[in-house]
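K.L.:
My questions all concern the structure below.
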Amino acid sequence: MLAEFLRKNWAYLLGAIALHGVFAVIFGLTMLTMSRTPPQRVLAIQAVIVDPNAIARMNRRQEQERQQAERARQEAERRRQEQAVLQREEEQRIERERQLEEKKREDAALRQKEEEERQVREREAAEQERAAEAEKEKQRQAEAEKQRVAEIQRRQKEEAEKRRVAAEAKAQEAREADLRRQVEEEAGRQQAENAGLLNQYIAMIEQRIVRNWNRPPSARAGLECEVKVTQAPGGMVLSVQLGRCNGDSAVQQSIQAAVMRSSPLPPPPDPRLFERNLLLIFKPQD
């Protein structure tokens, strides 16, 4: 800071030093002149011859010296005031420069702050723009995904409808085929029944059961019982139930045992005559 001040104000400093040198020279000359006038001795008893001219010359010289000293004093005062004015002006100039530098720094700081705020606004605007674009892209993707899902669902519905129609057609064909088969079986069964094969099938089963029956002592003449038999394909007896029967419990148990011993039951002469549930009349010969 001091070096900077000396570099900027060296001319003023040299002028001030020179001015103080001039003041010193004038003061020295004044003191030298005053010291050369010897003081007059005062004798206790001395006769003095007063020379009015000499006194006048001495008075004039003293007045001149006084005026010269006054002029020197005034010149020194003037120079001091000028130096003070120069110093105040220099201080004011330095203060103006300081204020100007301070204002420059403040302006630079303000510009920097404004630039930073502008950059922040630009970054925020760019971020908002990116966020808006990302949101738009997200919406576009969501819409595309929605359309894709809708297209998949539409195709799935179409495929499901095609499968449903095909299944219904297949089921209809199966129902029609089953109906034709049933009609054909019913016709064949009716034909077999008309040919007496059903009665023959029932008689074969009843005869086997009678042959496997162990007649209990309580069985009486004219025995007749309804027998409900459930069989599996192949004649395996699954269950036996007795309906109307004029025999006692021992007789009924013997009939049930005879049915179970007759398993498997004889096959029908025509497979179309097979019945899962049979109603037989157990009526042995007396």
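The values are calculated or read from the model by the stated rules, or taken from the named source; none is laboratory data. Fair warning: this is a prediction, and the values are worked out from it, not measured in the lab. Here Cβ is always computed from backbone atoms with ideal geometry, including for glycine, and neighbour counts include all displayed protein chains.
K.L.:
Could you grab the pairs with beta carbons closer than 6 Å, sequence gap of 6+ or different chains, first residue in the range 124-148 and on the phi > 0 side of the Ramachandran plot and assigned to a helix (DSSP H, G or I), second one polar (S, T, N, Q) and surrounded by 10 or more Cβ atoms within 10 Å (Cβ to Cβ)?
P.N.:
none
K.L.:
Further question: Here is a check on your reading of the model: is residue 227 assigned to a helix (DSSP H, G or I) and touching a helix residue (DSSP H, G or I) at 6+ places or on another chain (Cβ under 9 Å)?
P.N.:
Taking the combined requirement at face value, the residue does not satisfy it.
K.L.:
Then there's this: Of all residues in the range 254-278, which are exposed (fewer than 14 other Cβ atoms within 10 Å of the Cβ) and more than 13 Å from residue 209 (Cα to Cα)?
P.N.:
Hits for the range 254-278 are 271, 276, 277.
K.L.:
Please state which one of 47, 72, 18 is part of a helix (DSSP H, G or I), at pLDDT below 90 and over 60 Å from the mean Cα position of the chain (by Cα). Let's see the steps before the verdict.
P.N.:
Numbers: 47 fails: part of a helix (DSSP H, G or I); 72 fails: at pLDDT below 90.
18 is the lone residue from the list that is part of a helix (DSSP H, G or I), at pLDDT below 90 and over 60 Å from the mean Cα position of the chain (by Cα).
K.L.:
As an exercise: evaluate residue 119 against (1) at pLDDT below 90; (2) of a type in the set (S, T, N, Q); (3) under 43 Å from the mean Cα position of the chain (by Cα) and give the number of the one condition it does not meet.
P.N.:
Exception for residue 119: condition (1).
K.L.:
Right, here's the next one. Before we move on, is residue 100 in a helix (DSSP H, G or I), in contact with a Phe, Trp or Tyr (Cβ under 9 Å, 6 or more places away or on another chain) and over 30 Å from residue 271 (Cβ atoms)?
P.N.:
Answer is no for this residue.
K.L.:
Related question: Determine whether the range 202-218 contains at least one residue that is touching a Gly at 6+ places or on another chain (Cβ under 8 Å) and either within 24 Å of residue 181 (Cβ to Cβ) or loosely packed, with under 14 Cβ neighbours inside 10 Å (or both).
P.N.:
Let us first name the residues in the range 202-218 that are touching a Gly at 6+ places or on another chain (Cβ under 8 Å), namely 218.
Then keep just the ones that are either within 24 Å of residue 181 (Cβ to Cβ) or loosely packed, with under 14 Cβ neighbours inside 10 Å (or both); that gives 218.
There is at least one residue in the range 202-218 that is touching a Gly at 6+ places or on another chain (Cβ under 8 Å) and either within 24 Å of residue 181 (Cβ to Cβ) or loosely packed, with under 14 Cβ neighbours inside 10 Å (or both).
K.L.:
Give the residue, chosen from 207, 241, that is modelled with pLDDT of 90 or more, over 18 Å from residue 271 (Cβ atoms) and part of a helix (DSSP H, G or I). Outline the logic, then answer.
P.N.:
Numbers: 241 fails: part of a helix (DSSP H, G or I).
One residue alone meets the criteria, 207.
K.L.:
Let me ask you something else. Are there any pairs, at least 6 apart or on different chains, whose C-beta atoms fall under 7 Å, with the first in the range 251-278 and among the basic types (Lys, Arg) and the second crowded, with 18+ Cβ neighbours inside 10 Å, and if so, which?
P.N.:
Taking only residues 6 or more apart or on different chains, the pairs are 272/189; 272/192; 276/231.
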